[in-house]
Amino acid sequence: MGVVRAMVRWTVAVFLVGVAANARADATIDGTVLIADEAFSLEEVMEEILVKRRPTRVMKFWVVITGDQVKLATKANGMSDRVLAKGFDLVRQYGGIIYACEIDMQRLGLTAGDLLPPAEPIQGFAPDGGTDTDSVLYSHEDPTLLPESLVQLHKLRAACSARS
């Protein structure tokens, strides 16, 4: 009888630790902007989301793809890289929104139609505008698809602004 109780306690303890770990993972990704760039590649961002901090429920988070990493988020690449296409679909299922920086798309000669769904183009701060709260939303954008936190929205815009 004592052995059975010990096994039940151990099983419950393992379950509770797992639930607590998942709750922490959810809390760390919910509302977060993750940026794929030359320092933290798209592959590393996808691993962070789908392996290290895999969501246990639907939540809002954003993936911003910048620089030459934008080439990886295209239909041409996605058709040959089925794992990436499936990863993008999972990010969407978990509530993630994937953006590719317009400035990098233009530099690479890409259009919105070239992007692997569900990726969408996103603008950075206007070159002649400031980085204040008045310029973080553009009239054509749906604010429900962007971070509510001005800090996270600023991070998203700054990642897609002109780099020197």
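The values are calculated or read from the model by the stated rules, or taken from the named source; none is laboratory data. Not measured: the values here are computed from a predicted model. Cβ: placed from backbone, ideal geometry, glycine included. Neighbour counts: every protein chain shown. Heads up: the accessible areas ignore ligands, DNA and RNA and are worked out on the full protein's heavy atoms, side chains in. Shrake-Rupley method; radii C 1.70, N 1.55, O 1.52, S 1.80 Å.
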Label-point gap, in nm, between Leu108 and Arg92 - each point 7 angstrom along Cα→Cβ:
1.8
For Phe40, the accessible surface traced by a 1.4 Å probe with all protein chains present amounts, in square angstrom to the nearest 10, to 70
Non-local residues with an amide H under 5 Å from the amide H of Ser161, with H modelled 1.01 Å from N and Pro and chain starts lacking one, are Phe125
